[in-house]
Amino acid sequence: MRIGIVNDSLMATELLRRLVCSSAEHQIAWIARDGVEAVKLCERDLPELVLMDLIMPYMDGAEATRRIMSRTPCPILIVTATVAGNAAKVFEALSAGAIDAIHTPTDIPSQKTGQALLQKIKSIERQTSGLEQVAGDLVPKEGTANRLILIGASAGGPAALVEVLSALPEDFSPAVVIVQHIGQLFAPGLVEWLKEYSKLPVRLACEGDSVSSGNVLIAGSEDHLVFKNSHELGYTAEPKENPYRPSVDVFFGSAARFFRGPIAAVLLTGMGRDGARGLKILRDAGYHTISQDQSTSAVYGMPKAAAAINAASEILPLQKIGPRLRELFSPQTRTIQSKRGVADR
C-alpha cells in the first residue's frame with residue numbers, strides 16, 4: 001500500500017515513516033509538511049492512503065481532507081496527538097470524508113500505539129479492497145412491534161447524520177439505530193456532537209438495550225452491533241474477518257432476521273461496499289430502503305454499491321432523506337404498513 005504522510009512535526013513524521021516502512025506491504029509515496037502541500041501532492045501522485053495530521057500551519061487536516069476528497073478522492077486516516085482537545089475538528093474531518101481517526105503513535109512498531117496504527121492501516125486496506133461479509137441465513141420473520149429506522153454511514157457520515165437527524169421532529173415515534181464506521185474511542189464524541197443537532201435523545205447502544213420509541217442509538221464498539229432476538233441489541237466479534245467494524249451489513253442483516261415490525265433502512269455516504277448487501281436483504285424482504293445519491297455524497301462508495309445491485313427503493317439527495325422518513329412514518333399518510341415495512345403509496 002502506497003501511503004502519504006502529512007505532518008508538520010519532524011519527530012512524528014519520522015516515527016510514522018518508520019512504522020510504515022516496518023511492513024514490507026507498505027511504501028511511502030511522499031511526505032507533506034502541511035495541508036496545502038498535501039493537496040498538491042495528491043493531485044500529482046495519488047496514494048492509496050493518506051495519514052493526515054489535524055493541527056498544522058497554513059491549512060489544517062480537516063480543510064485538507066475536504067479539498068482532497070473533492071478533487072482527488074482517496075482514503076484518509078486522521079492521525080493526531082490532539083484528538084481529545086479537538087473533537088469538533090476531528091468530526092469536521094470525518095464529515096469531509098476521512099475514514100477514521102487515531103492517536104499519533106508514540107513508540108516503535110512492536111509496542112501498543114504503533115501496533116494500533118498498523119492494524120488500522122491493515123483494516124483500511126481490506127475495506128478498500130472490497131472484502132465484505134454478511135451474517136448468514138437471514139430469514140425475516142413476520143410480526144409487529146415498534147417501528148424502526150436503520151441508518152448506515154461511513155466516510156462523510158457525521159455531517160450526513162446531522163442533516164438527517166436534524167430533520168426529525170421531537171415527537172418522532174420510530175426508534176432510530178445508527179451504525180457509523182468509527183473507532184470506539186471516538187464514538188462517545190460522535191454522540192455528543194449529534195446531540196447538538198438532534199431533537200431526539202441520542203446515546204450509545206449498550207449490550208442488552210431494547211429499541212425504544214423516539215430514541216437514537218449509535219453503535220459504540222468496534223465489534224458488530226446486532227439484534228440478538230426480536231427486541232434486544234448486543235455486540236458480537238463475529239464475523240471476525242469482516243474489515244468493516246462495526247459492519248452495516250451485519251447489523252442490517254440481523255434486523256431483517258429478528259426485528260418484528262415495519263422498518264425503513266437508509267445507506268448514507270461512505271467508502272467501500274458495506275451496507276449494500278444488507279440493504280438488498282431488507283428490500284427483498286419487503287422493507288422500504290433508501291440510499292443517498294451521488295451528488296450529495298462526500299464519498300459515493302457504499303450508496304453506489306447499493307445502486308449497482310438495486311438495493312434501494314429510493315435514491316435521494318441528502319436533504320430529502322430526513323423529510324422522506326417523516327413522511328413514511330407520518331400517522332396521517334400511513335406510508336409504512338405494519339407488516340414487513342412495505343411502502344404503501
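Sparse packing (at most 13 other Cβ atoms within 10 Å of the Cβ) combined with a DSSP loop state is found for the following trypsin sites (Lys or Arg not before Pro) in the range 234-323: 240. Subtracting the Cα-Cα distance of residue 326 and residue 230 from their residue separation scaled by 0.36 nm leaves 32.2 nm. Based on C-alpha pairs under 8 angstrom that are at least 6 apart in sequence, the chain has a relative contact order of 14 percent. Here the Gaussian network model covers the chain, with springs between Cα atoms less than 10 Å apart; of 101, 62, 308, 308 fluctuates the most.
The angle between the Cα long axis of helix 248-258 and the main principal axis of the chain comes to about 20°, on a 0 to 90 degree scale. Among 305, 159, 237, the residue with the largest mean-square fluctuation in a Gaussian network model of the chain, with springs joining Cα atoms closer than 10 Å, is 237. Taking Cβ atoms as reference points and 11 Å as the exclusive limit, the residues near residue 208 contribute a net charge of -2, counting Lys and Arg as +1 and Asp and Glu as -1. The angle between the Cα long axis of helix 318-328 and the longest principal axis of the Cα atoms of the chain comes to about 20 degrees, rounded to the nearest 10.
Taking Lys and Arg as +1 and Asp and Glu as -1, the other residues whose beta-carbon sits under 11 Å from that of residue 269 total -1. At full extension, residue 314 and residue 9 could sit 105.1 nm farther apart than now, given 0.36 nm per residue minus the alpha carbon distance.
Centre-to-centre, using Cα atoms only, the range 180-210 and the range 274-308 are separated by 22 Å. Given [x] 41; [y] 27; [z] 22, which label gives percent of Cα pairs over 32 Å apart as computed from the coordinates? Among [x] 41; [y] 27; [z] 22, the one calculated here is [y]. From the square roots a ≥ b ≥ c of the eigenvalues of the alpha-carbon gyration tensor of the range 148-328, which class results: rounded (a/c under 1.5), prolate (a/b over b/c), or oblate? Note, shape of the range 148-328 comes out rounded.
Just checking the listed ones, 153, 167, 276: in the Gaussian network model of the chain with Cα springs under 10 Å, the one fluctuating most is 167.
The stretch between residue 213 and residue 170 holds 14.4 nm of extra length on full extension. This uses 0.36 nm per residue minus the Cα-Cα distance. GluC sites (Glu not before Pro), restricted to the range 9-84: which are DSSP loop and have at most 15 other Cβ atoms within 10 Å? Qualifying residues, ordered by number: 25. If you take the square roots of the eigenvalues of the alpha-carbon gyration tensor of the range 2-128 and sort them as a ≥ b ≥ c, do you get rounded (a/c under 1.5), prolate (a/b over b/c) or oblate? Rounded, since a/c falls under 1.5. Other residues within the sphere of radius under 12 Å centred on the Cβ of residue 179, judged by their own Cβ, net out at -3 (K and R +1, D and E -1).
Values in this text are rule-based calculations from the coordinates and carry no lab data. Just so we're clear, the structure is a prediction, and the values are computed from it rather than from any experiment. In this analysis, Cβ positions are derived from the backbone assuming ideal geometry, glycine residues included, and neighbour counts consider all displayed protein chains.
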